[in-house]
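What follows is a set of notes on a single structure, which appears directly below.
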Amino acid sequence: MTPDATVAAGGSVCGLPGYAASGTVTSPPVVDWQYVGVIAAPHSATAGPGRIEPDGFRYCYAHTPEGAVLAAANMIAVTSNLVRFREKVVDRTFVPGPGAEVIRNDTGTPKSDDTSARLAGFRLLSYSADKATVDLAFRVVSKGAYMSYPFELQWAEGDWRVVVRDDGTPPYQPTQVYDLVGYLLWQVS
């Protein structure tokens, strides 16, 4: 099967195995952790990212619930350095459309944020063959608090991509959570 035919049949853009029309994740994926700048990002040989470029940009995930979780966690790492990866993020991480173009054309001054955040856990809120919602929990080191950051993902062009509104903002905003009840604990070991 050609790469284009594989993607058309629901396969990943880089040929990672696996396809699930439904499902969940009941335990934290077994991964190794790699840093993209100061953010630790998970890597699995079977679920992704299937492509890691020399500059640290990463993409291509399995078409599975675990692939969706890994995609969301890695997207935090690559979008944390939007100045460096802007074109790649827009071209390979966001669902194509007006919102992605707003992000591409945003030339505003990047926000300076000295807040260090560490992934603490996740919940796979929903999953189907074409959409997933992954809620990541982060510990904000400077505040000693946990934040919930839900990602809406869509399977597009052979990869899990982030859904953004037409104005470039995410459908869900981060909110503070007071504990990790309901989350699968998952962090750099």
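The values are calculated or read from the model by the stated rules, or taken from the named source; none is laboratory data. Computed from a prediction, not measured in an experiment: that's the story for all the values here. All Cβ positions, glycine included, derive from the backbone under ideal geometry; neighbour counts span all protein chains shown. SASA here: full protein model, heavy atoms, side chains in, ligands and nucleic acids out. Shrake-Rupley method; radii C 1.70, N 1.55, O 1.52, S 1.80 Å.
So for segment 33-41 (the condition being within 19 Å of T133 (Cβ to Cβ) and in a loop (DSSP other than H, G, I, E, B)), does at least one residue qualify? The answer is no, given that none of the residues of segment 33-41 is within 19 Å of T133 (Cβ to Cβ) and in a loop (DSSP other than H, G, I, E, B). Under the condition of being assigned to a helix (DSSP H, G or I) and not small (G, A, S), the residues counted in segment 61-75 number 6. Scanning segment 37-46 for residues that are out of contact with any helix residue (DSSP H, G or I) (no Cβ under 7 Å at 6 or more places or on another chain), modelled with pLDDT under 90 and β-branched (V, I, T) gives a single hit, V38. When we screen R51, R84, R92, R58 for residues that are at pLDDT 90 or above and either touching a Gly at 6+ places or on another chain (Cβ under 9 Å) or open to solvent by less than 50 Å² (accessible area, probe 1.4 Å) (or both), the only hit is R58.
Determine whether R118 is buried (at least 19 other Cβ atoms within 10 Å of the Cβ), basic (K, R) and not in a helix (DSSP H, G or I).
It is false that R118 is buried (at least 19 other Cβ atoms within 10 Å of the Cβ), basic (K, R) and not in a helix (DSSP H, G or I).
Looking only at residues in segment 95-108 that are at pLDDT below 90 and outside any helix (DSSP H, G or I), the one that is nearest to A62 (Cα to Cα) is D106. Checked against (1) outside any loop (DSSP other than H, G, I, E, B); (2) within 17 Å of T133 (Cα to Cα); (3) not small (G, A, S), V25 passes all but a single condition, namely (1). Counting residues in segment 77-93 that are under 16 Å from G23 (Cα atoms) and in contact with a strand residue (DSSP E or B) (Cβ under 6 Å, 6 or more places away or on another chain) gives zero.
Filter segment 155-176 down to residues that are among the aromatic types (F, W, Y) and in a strand (DSSP E or B) and give me whichever is most open to solvent (accessible area, probe 1.4 Å).
Here the answer is W155.
Once segment 1-36 is narrowed to residues that are modelled with pLDDT under 90 and within 25 Å of L184 (Cα to Cα), the residue that is surrounded by the fewest Cβ atoms within 10 Å (Cβ to Cβ) is Y35. The residue that is farthest from L16 (Cα to Cα), among those in segment 51-60 that are touching a Lys or Arg at 6+ places or on another chain (Cβ under 9 Å) and assigned to a loop (DSSP other than H, G, I, E, B), is D55. Yes or no: L125 in contact (Cβ under 8 Å) with a residue 40 or more places away in the chain, under 23 Å from P42 (Cβ atoms) and not in a loop (DSSP other than H, G, I, E, B)? No, not satisfied.
When the test is whether a residue is open to solvent by 50 Å² or more (accessible area, probe 1.4 Å), more than 24 Å from K88 (Cα to Cα) and acidic (D, E), D179 passes it. Considered as a group, the residues in segment 42-70 that are of a type in the set (S, T, Y) and closer than 15 Å to V13 by Cβ include one that is farthest from the chain's Cα centre (by Cα), and that residue is T64.
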